[in-house]
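These notes concern the structure reproduced below.
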Amino acid sequence: MADLGARYATALFQIASEKGQLDVVLKESRFLRDTFKGEEGALSILTHPLIPTQDKNAFVDRVYGNNLSADLLGFMKLTIAKNREAFLLPAVTKLINMIKHHQNHTTARVVSAIPLDDAQLTRISAVLTRKFGKIVDITTVVDPTQIAGVSVHIDGYFLDKTVKTMLKNMKEATNQL
């Protein structure tokens, strides 16, 4: 039962692929995932044990009816009918990853001391796209403790060109003398 989310995602991927709607389903899935986040997110309502099924279905229709395709709405209602709402987020996350992999996309996490502007992000994305041979989407995190520079996490690789790390390495090198 642990891989039920993956099975749901695979079925949704196949349907979207057959219909030529991977881009649409990717956009809708990201929207859905984002609405599930946090304690106040929609998932807290959908997984609440005291809310009746018909109220959950009405909530889905009201909140998502105009924002999701019939296939994703049907998937949500199926999980509600089978009391498997807890699989919604894992399935949607897996679906997003499957579509991104199929479309040769990956995500890089870029951490910097200050916010990066669009031109900097575009250059970083272009370099990473050439290096990894994939279209790279960037998520950014600002961490002032880095002092300056950036660190990049992508597909199991880590590149750290921060002043904080350089200073740490210099300190370690002088301690070894």
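The values are calculated or read from the model by the stated rules, or taken from the named source; none is laboratory data. As the structure is a prediction and not an experimental result, all values here were calculated from the model. Quick reminder, even Gly has a Cβ in these numbers, built from the backbone with ideal geometry, and neighbours come from all protein chains shown.
Name the residues in the stretch 58-103 that are free of Cβ contacts under 8 Å to residues at least 24 places away in the same chain, part of a helix (DSSP H, G or I) and over 20 Å from the mean Cα position of the chain (by Cα), would you?
Residues satisfying the conditions are 58, 59, 60, 61, 62, 70, 74, 77, 78.
Could you give every pair whose Cβ atoms fall below 6 Å, whose first residue belongs to the stretch 127-155 and is touching a residue at least 60 places away in the same chain (Cβ under 8 Å) and not assigned by TED's automatic domain parsing to the domain that holds residue 166, and whose second residue is aliphatic (A, V, I, L, M) and surrounded by 15 or more Cβ atoms within 10 Å (Cβ to Cβ), counting only separations of at least 6 or pairs across chains?
Qualifying pairs under 6 Å: none.
Which condition does residue 58 not pass, out of (1) farther than 21 Å from residue 9 by Cα; (2) surrounded by fewer than 16 Cβ atoms within 10 Å (Cβ to Cβ); (3) at pLDDT below 90, if it passes all the others?
Just one mismatch for residue 58, condition (3).
Among the residues of the stretch 104-126, write down those that are touching an Asp or Glu at 6+ places or on another chain (Cβ under 8 Å) and either assigned to a loop (DSSP other than H, G, I, E, B) or in contact (Cβ under 8 Å) with a residue 40 or more places away in the chain (or both).
Those that are touching an Asp or Glu at 6+ places or on another chain (Cβ under 8 Å) and either assigned to a loop (DSSP other than H, G, I, E, B) or in contact (Cβ under 8 Å) with a residue 40 or more places away in the chain (or both): 106, 107, 108, 111, 113.
Yes or no: residue 112 outside the structural domain of residue 17 (by TED's automatic domain parsing), in contact with a Phe, Trp or Tyr (Cβ under 9 Å, 6 or more places away or on another chain), farther than 30 Å from residue 9 by Cα and surrounded by 12 or more Cβ atoms within 10 Å (Cβ to Cβ)? Steps first, please.
Values: outside the structural domain of residue 17 (by TED's automatic domain parsing): yes; in contact with a Phe, Trp or Tyr (Cβ under 9 Å, 6 or more places away or on another chain): no; farther than 30 Å from residue 9 by Cα: yes; surrounded by 12 or more Cβ atoms within 10 Å (Cβ to Cβ): yes.
When the stated conditions are applied, residue 112 does not pass them.
Please go through the stretch 155-168 and pick out each residue that is closer than 21 Å to residue 119 by Cα and touching a helix residue (DSSP H, G or I) at 6+ places or on another chain (Cβ under 6 Å). Step through it out loud before you land on a result.
Taking the stretch 155-168 first, the residues closer than 21 Å to residue 119 by Cα are 159-162.
Listed by number, the list holds a single entry, 162.
Of the numbered conditions (1) surrounded by fewer than 19 Cβ atoms within 10 Å (Cβ to Cβ); (2) modelled with pLDDT of 90 or more; (3) of a type in the set (S, T, N, Q); (4) outside the structural domain of residue 156 (by TED's automatic domain parsing), residue 120 fails exactly one; give the number of that condition.
So residue 120 meets the others, but not (4).
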